[in-house]
Amino acid sequence: MSPPFSKTNTTFFHRKKQFILWFLLVATLMTISLHSQSEYFKNIHYHHLLPASTTTIAPAESHPWTQTEIIQPHTKHKKVLVTGGAGFIGSHVVEYLLNRGDDVIIIDEMNHSYNVHLKQFNLNILQKYKHRVTFYKGDICDEEFITKVFEETKPQWVCHMAARAGVRPSIQDPYAYIHSNIEGTTRLLELSVQYKVVNFVFASSSSVYGNSNSTLLSESDRTDYPMSPYAASKKSCELLSYTYHSLYGLNVTALRLFTVYGTRGRPDMAPFLFIDNIAKNLPISQYGDGVTTFRDYTYISDIVDGIVRALDRPYPYQILNLGKGSSTSLHDFISLVGRTVGRNVTIQYMEKQLGDVPYTCADVRKARYLLGYHPNVSIEEGVAKTVEWYKDVYLEELDDDFRNAGGEDRTDHGVLF
């Protein structure tokens, strides 16, 4: 038998002590974790865990935002700066604002993230408003350029739609997303404070919700587990914008946009690619089985309505979902596109991609309450309108050279239509 304080016993007691300390540490961490989870689950709206089709909506009075004072819309003439104004969503916002009588300053880099000729086509549509729209070609991250735009035009309303978009490309080139999305937004926030902008509205993304277990994504859900650099960049912009509101009193609304589709859509995004490939009898690359992937597909006019409603209402600081409020499986969406185009669909099944999330569906009650937002375009109507535009405009009015990538960029810095 070993003596009481032999090396063997000392080692045994040392290990036993280590084990006890580890046990206490793990127990403490588990206690903290369980306490945090219990506090977290107290605040969960359990209807989020139900399928979207059977969701029971709790009374609006149960939500903290119902205590927010509703701001009435500013209905007078505005001078609005729209970044990304030659792009898909931005050009529709510009057209809406010009049509109702506002003056608009467009900034767009006209880069080759997708076919620059389609952006030029979007700008050409706005030529009939040439006396009330000014176009600046340049990078919002360029301090000298963006400062010059603010100094020359002095906008009082900013609608920031410019961004690097897309989950998968952000994984391949995260630095481009940090540059464009985070640095660009910071420069705009700085200048908006300096030039006393009345309201700063910008496009965030439903991607900030990450791989959530909820089937109805609410603004109060956790957003600290992004699944891609794109999602992380958008979450960073939300935090930065709150900082500028907190420090300087800048009115900011961040709009978490869900899957947007429609006329003049980006040719590198799934809805347009589906239509284009089916129309040309090409196979569709489908990531995953298509049955367990759901998206809140929202038609462009509903999104623009929500953006303009937010722009007209300078809330001190708000985060709002903009979506349809219902989800469609990837399989059903592709089938609908096939029926609308009038052709059979060939599917090329692919592995699920990094960064993809299985389910998105917007809880739009807060936007309905604060903005009067009511999306009303059904997915059948929206797809029909998009396919009609593709056939009558994209294929007929845009020749092959225009549709294909490359070619001369016919825009210039500071052009006035």
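Here are a few things to note about the model shown:
- The residue pairs whose first member lies in segment 239-264 and is in contact (Cβ under 8 Å) with a residue 24 or more places away in the chain and surrounded by fewer than 15 Cβ atoms within 10 Å (Cβ to Cβ), whose second member is not hydroxyl-bearing (Ser, Thr, Tyr) and not in a strand (DSSP E or B), and whose beta carbons are closer than 6 Å, counting only pairs six or more residues apart or on different chains, are Tyr248/Val193.
- Restricting segment 286-299 to residues that are out of contact with any Cys (no Cβ under 8 Å at 6 or more places or on another chain) and not in a loop (DSSP other than H, G, I, E, B), the residue that is surrounded by the most Cβ atoms within 10 Å (Cβ to Cβ) is Thr298.
- Residue within segment 153-163 that is more than 27 Å from Lys78 (Cα to Cα), of a type outside the set (Ser, Thr, Tyr) and within 19 Å of the chain's Cα centre (by Cα) present: no
- Test for Val364: is it in contact with a Gly (Cβ under 8 Å, 6 or more places away or on another chain), over 20 Å from Gly265 (Cβ atoms) and of a type in the set (A, V, I, L, M, F, W, C): yes
Each row is one residue, and each column tells you yes or no for (1) over 25 Å from Asn213 (Cα atoms); (2) over 21 Å from the mean Cα position of the chain (by Cα); (3) of a type outside the set (Ser, Thr, Tyr).
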| site | (1), (2), (3) |
| --- | --- |
| Gln318 | no, no, yes |
| Leu322 | no, no, yes |
| Ser329 | no, no, no |
| Asp332 | no, yes, yes |
| Val364 | no, no, yes |
| Ala384 | yes, yes, yes |
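- Candidate set from segment 110-136 (those that are of a type outside the set (A, V, I, L, M, F, W, C) and crowded, with 23+ Cβ neighbours inside 10 Å); member that is nearest to Val260 (Cα to Cα): Lys119
- For Ser207, the conditions (1) farther than 30 Å from Ser62 by Cα; (2) buried (at least 21 other Cβ atoms within 10 Å of the Cβ); (3) among the small types (Gly, Ala, Ser) all hold with the exception of (1).
- Reported count of residues in segment 250-265, each being of a type in the set (Ser, Thr, Tyr) and in a loop (DSSP other than H, G, I, E, B), is 1.
- Number of positions in segment 302-329 that are touching a Gly at 6+ places or on another chain (Cβ under 7 Å) and not charged (D, E, K, R): 2
- Hits in segment 199-222 (condition: in contact with a Lys or Arg (Cβ under 6 Å, 6 or more places away or on another chain) and outside any helix (DSSP H, G or I)): Ser204, Ser205, Glu219
- The residue that is nearest to Pro226 (Cα to Cα), among those in segment 144-174 that are among the charged types (D, E, K, R) and in a helix (DSSP H, G or I), is Arg168.
- Per-region count, segment 188-204, residues out of contact with any Ser or Thr (no Cβ under 6 Å at 6 or more places or on another chain) and either buried (at least 19 other Cβ atoms within 10 Å of the Cβ) or in contact (Cβ under 8 Å) with a residue 60 or more places away in the chain (or both): 10
- The residue pairs whose first member lies in segment 121-143 and is in contact (Cβ under 8 Å) with a residue 24 or more places away in the chain and outside any helix (DSSP H, G or I), whose second member is of a type in the set (Asp, Glu) and crowded, with 21+ Cβ neighbours inside 10 Å, and whose beta carbons are closer than 6 Å, counting only pairs six or more residues apart or on different chains, are Asp139/Glu109.
- Positions within segment 336-381 being under 17 Å from Val260 (Cβ atoms), β-branched (Val, Ile, Thr) and outside any helix (DSSP H, G or I), in sequence order: Val357, Thr360, Val364, Val377
- Verdict on Gln318 being surrounded by fewer than 18 Cβ atoms within 10 Å (Cβ to Cβ) and of a type outside the set (Phe, Trp, Tyr): no
- Annotation note: of Pro283, Pro267, the sole residue that is touching a strand residue (DSSP E or B) at 6+ places or on another chain (Cβ under 7 Å) and either under 15 Å from Lys391 (Cα atoms) or surrounded by fewer than 20 Cβ atoms within 10 Å (Cβ to Cβ) (or both) is Pro283.
- Test: Ala231 is in contact with a helix residue (DSSP H, G or I) (Cβ under 6 Å, 6 or more places away or on another chain), within 18 Å of Leu354 (Cβ to Cβ) and not in a loop (DSSP other than H, G, I, E, B): yes
- Residue under evaluation Glu144, criteria (1) under 23 Å from Thr259 (Cβ atoms); (2) at pLDDT 95 or above, criterion not met: (1)
- Among the residues making up segment 300-315, those that are in a helix (DSSP H, G or I) and either surrounded by fewer than 24 Cβ atoms within 10 Å (Cβ to Cβ) or not aliphatic (A, V, I, L, M) (or both) are Ile300, Ser301, Asp302, Val304, Asp305, Gly306, Val308, Arg309, Asp312.
The values are calculated or read from the model by the stated rules, or taken from the named source; none is laboratory data. Everything numeric in this text was worked out from a predicted model, so none of it was measured. Because the Cβ atoms are built from the backbone with ideal geometry, glycine has one as well, and the counts that use them run over all protein chains shown.
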